[in-house]
Structure formats: structure tokens, C-alpha cells
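These notes are about the structure you will find just below.
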């Protein structure tokens, strides 16, 4: 058993019992990681620069915040088994344009597309208590035992989580055809089969899966972007839902959906860059070239 598994298995219950303490400690851990991990610091600053219009001092400040938010995400995860998610939206979420969530009360499949800002997973999970079943895709991890434990912890607060493989995609298609809610991330192209769009005047790949699934199933796309206000309190921006056209040109339809999302993604990343908890060199790893 790896040290990560030991910490998650035995440390998780302790973190879950004293979340306020560990959210504070996570800020310190994020600061230490920022100071000690030079490669990560370099990547994150490069991620921030286009969002900060080239302002290096600001990019460094926002980069530190991003590292601290990554550390707090792990506290989110370890506290999930002890959370009362039926109260989470009322007590710990502040909705911007919450009236747009009325689409959840209507019949038909919905694909909620978020990004690695704040904690998109937690925000979408909270919305499942509006009477919708929930299926989500997440990135596979190594070793498999680590990945299985993460899936189990994510599911502790409700919803069914699957890795981004054939079985996971099939589960999403089935859920959408049954009129359920599916959650996916729309910023990182982890399968390296994405579609090129422009974000911050750079050509990058974002996942094509959400737009292909929405087109295939006729699902309504609901973009939601989360921002961490403090500890486990979040603001969730709910954007206008839209559908993917279904013409004879499949690629053009998928591209239209991706481009529409890319505009929203850039707006939210520029609004609060430090919320973007991505530690890889995004602009290089996902460059279209």
C-alpha cells in the first residue's frame, strides 16, 4: 500500500472530523508546495500569465492561490463522507443566476459542464439534491487501488463516478438517454483527442466528449463554474443552458458547442485566475500544434 493510500485511508476520517483546522493547514501546505516545487511553480505561473495580461507579479500571486486551492480540494474530498449534502446548497453555496437551474426541474437529459475552478465536482454534486440522478466522468489515476479509493470517496456524497474510459462514456450515454444529469469537465483534454478552440488568444485543445455526447443524445448543456470563497464555501456561476445543433456536418456542430464553452471558460478564468487549480503547463500540454 502506497503512502498516499495510507494517508487517505487513515487520515481521511481525522480530516473529516476537524475540517476547519485542516482547511487552514491546507493553505500552509499549498504555500509550502509553492515554495518547494519549482517545476509546479513555473507551470502555474505560465498558466496565469495570459489570464493576467502578462502581469508577472499578479501571475505569481494568483499562482500561489491556485496551489492553495489544490491543497484545499483534498480536504474537500476527505470530508465528503461526513457531509450532509442535502443542506450544502442552502448553507455553503452562493448561486449567481440560480434561476437558470430551473432547467433541472424539467424532463430531459442535462449535461452539466464545469472546469477545474473552485470545486466543480462538489458544486454539481450539490445540485443533484434537486431531484436528479447524477453520473460523472473523472480522470483515471495510478495505481488502480488509488483510483478506486478516490472514486469511492467522491461517490460518498451522492452520484456515480466513472473513469474516462469506454465504460465510463457508455454509462454517461445510458444516463442521458434515461433523462438523467451527467457532469463533465470541459477545460483539460486528458484523452488527447480534443477539439481546437481559442482561449486567451491561444489555440488549445479542450475535450470534445461533452459536445459529442450532447449532440448524440439531445441533452441540454448547462455550464456551471465554481469559485472557492473560503474553506468549503463556494460561489457557483450558472450560465445559460444551450443545445448542440444536429446538422449533416458533425464536426461543425461539435466545434460550435466547444467554441461557445471556450468563450465562457475564458471569461471565468480571467475573472478570478487563482481559482484555476491546474498544475500542468496547460498552454503547452494542450496546444493544438
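The values are calculated or read from the model by the stated rules, or taken from the named source; none is laboratory data. Note that the structure is a prediction, hence the values are computed from the model and not measured. Backbone-built Cβ (ideal geometry, glycine too); neighbour counts: all protein chains shown.
Odds and ends about this structure:
- Of all residues in the stretch 102-115 being part of a helix (DSSP H, G or I) and touching a residue at least 12 places away in the same chain (Cβ under 8 Å), the one that is surrounded by the most Cβ atoms within 10 Å (Cβ to Cβ): 104
- Yes/no for residue 287 being touching a residue at least 12 places away in the same chain (Cβ under 8 Å), farther than 30 Å from residue 94 by Cβ, out of contact with any helix residue (DSSP H, G or I) (no Cβ under 9 Å at 6 or more places or on another chain) and loosely packed, with under 15 Cβ neighbours inside 10 Å: yes
- Residue 41 vs. criteria at pLDDT 95 or above, surrounded by fewer than 20 Cβ atoms within 10 Å (Cβ to Cβ) and over 21 Å from residue 226 (Cα atoms): yes
- Test: residue in the stretch 164-186 that is more than 30 Å from residue 83 (Cα to Cα) and surrounded by 15 or more Cβ atoms within 10 Å (Cβ to Cβ): no
- Test: residue in the stretch 18-26 that is surrounded by 12 or more Cβ atoms within 10 Å (Cβ to Cβ) and farther than 24 Å from residue 125 by Cα: yes
- Counting only helices (runs of 4 or more DSSP H) that sit wholly inside the stretch 1-101, those with at least 1 residues that are under 23 Å from residue 272 (Cβ atoms) are 19-36, 38-51, 56-79, 88-92.
- A single member of 150, 137 is under 19 Å from the mean Cα position of the chain (by Cα), surrounded by 17 or more Cβ atoms within 10 Å (Cβ to Cβ) and over 27 Å from residue 103 (Cβ atoms), and it is 150.
- For the stretch 102-116, the tally of residues that are in contact with a strand residue (DSSP E or B) (Cβ under 9 Å, 6 or more places away or on another chain) and over 20 Å from residue 211 (Cα atoms) stands at 1.
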